[in-house]
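Report on one structure; see the data block that follows.
The values are calculated or read from the model by the stated rules, or taken from the named source; none is laboratory data. Quick caveat: nothing in here was measured; it's all calculated off a predicted structure. Cβ sites come from the backbone with ideal geometry, for glycine too, and all protein chains shown count toward neighbours. Heavy atoms of the whole protein, side chains included, go into the accessibility calculation; ligands, DNA and RNA do not. Shrake-Rupley method; radii C 1.70, N 1.55, O 1.52, S 1.80 Å.
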Amino acid sequence: LRIAIELSDLIVYCRSVRFNDEKIPGMYYDMSSFAENKVDKYMTKKMSASFARYNFLQLSRIYPKGARVDSSNYDPTQMWNFGSQLVALNYQTPDRSMQLNEGKFTPNRKCGFILQPECMRDPMYDPFDVQKLKVEPQTVIITILGARNLLKQGRGIPSPFVEVEAAGQEIDSQNRYKTSTKSDNGLNPTWNETFEWDVANPELALIRFCVQDEDVFGEPNFLGQATYPMKSMRTGYRSIQFQNAYSEELELATLLIHLEVRNARDDSDDLYSSIQELRQQMIRMNAEGSVMQDQSEELAAAQTRLFDLTAERGARQKAKSKSVRTTATRTHSNARSH
């Protein structure tokens, strides 16, 4: 087979090479592969900037470790946060990781390619340094209103509850919330429960809704889920189509929510900074796993302080919203009188 040199020169191939952290950057066409347990040492605070820099210039591929003989999956969000372009999963396993993957690539007509957000294309990007992110943090307020046509496998009527979680950077992935359980009502359960949290990096955040059935033993049983990038969700009242574990739509099964998104720094930048510092402190203490009494008391004090600051900021924001509504009403009344 003869190949025209002029045509061959137009084609750029990826060459698989062994990763060497002393040779960053390498050639732009060099690509390295990592097993999930091998890449962990590069996703530390000490190596984070270096590995993110590598992914800024070259391609990396992550694949499940060989010990996953049951075809289970690792959480891909951390690899995405570090800029890895090819994060391989066991597609035959319909678990949370695959559902996050399907939600991540929902944009761009599910073609399998999405552009990395602008913050990750900054040469100084460091996934552990939230303070240097060139992204405006946002406050997410989600009200779970109700659901329709929830079916369980087999006979019986489900007792559903809804779980809402964020997946993204480490500080954002701590947000998980759960509604109350509605006994024996899969047709039209209603909750009217509101959850509010801050998202430090909305560009990388995914929001996952999961509806579960609580059985007679109090154990959860999967009914449906839906996962979307935060930047792809529109505010206001929204009807969400539930999907099965394989991310295929469940006919007629929907969730009604109200979504509000606002700038987290509005009129409370000092409180926002204090809240984020406390959250990072709690993440560090939980990661250390220490059970020393003095550190346990410190963690409890941090949790109490975090609760108080969050409540104070919420009160400020409510007062501001009430003031805006009052001003709008007065303006409307003056316009009518004239």
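Assorted remarks:
- Selection status of R155, in contact (Cβ under 8 Å) with a residue 12 or more places away in the chain and either out of contact with any Leu (no Cβ under 7 Å at 6 or more places or on another chain) or open to solvent by less than 30 Å² (accessible area, probe 1.4 Å) (or both): no
- Count - residues of the stretch 222-241 that are surrounded by 14 or more Cβ atoms within 10 Å (Cβ to Cβ) and either touching a Pro at 6+ places or on another chain (Cβ under 8 Å) or assigned to a loop (DSSP other than H, G, I, E, B) (or both): 5
- Residue within the stretch 85-94 that is at positive phi and under 23 Å from the mean Cα position of the chain (by Cα) present: no
- Restricting the stretch 161-173 to residues that are open to solvent by less than 60 Å² (accessible area, probe 1.4 Å) and over 15 Å from A226 (Cα atoms), the residue that is nearest to the chain's Cα centre (by Cα): G168
- Selected residue (criterion: nearest to the chain's Cα centre (by Cα)) from residues of the stretch 1-43 that are β-branched (V, I, T), closer than 26 Å to E118 by Cβ and open to solvent by less than 50 Å² (accessible area, probe 1.4 Å): V39
- Answer from R61, R68 - the residue that is open to solvent by 50 Å² or more (accessible area, probe 1.4 Å) and either in a loop (DSSP other than H, G, I, E, B) or over 24 Å from S48 (Cβ atoms) (or both): R68
- For the stretch 102-120, a residue qualifies if it is open to solvent by less than 50 Å² (accessible area, probe 1.4 Å), in contact with a Ser or Thr (Cβ under 9 Å, 6 or more places away or on another chain) and not in a loop (DSSP other than H, G, I, E, B), and the qualifying residues are G103, K104.
- Residue count for the stretch 24-44 under the criterion of being assigned to a strand (DSSP E or B) and more than 19 Å from G66 (Cα to Cα): the result is 2.
- Residue match in the stretch 2-18 (condition: of a type outside the set (D, E, K, R) and in contact with a Ser or Thr (Cβ under 7 Å, 6 or more places away or on another chain)): yes
- Some residue of the stretch 50-57 being open to solvent by less than 30 Å² (accessible area, probe 1.4 Å), out of contact with any helix residue (DSSP H, G or I) (no Cβ under 6 Å at 6 or more places or on another chain) and under 20 Å from G112 (Cβ atoms): yes
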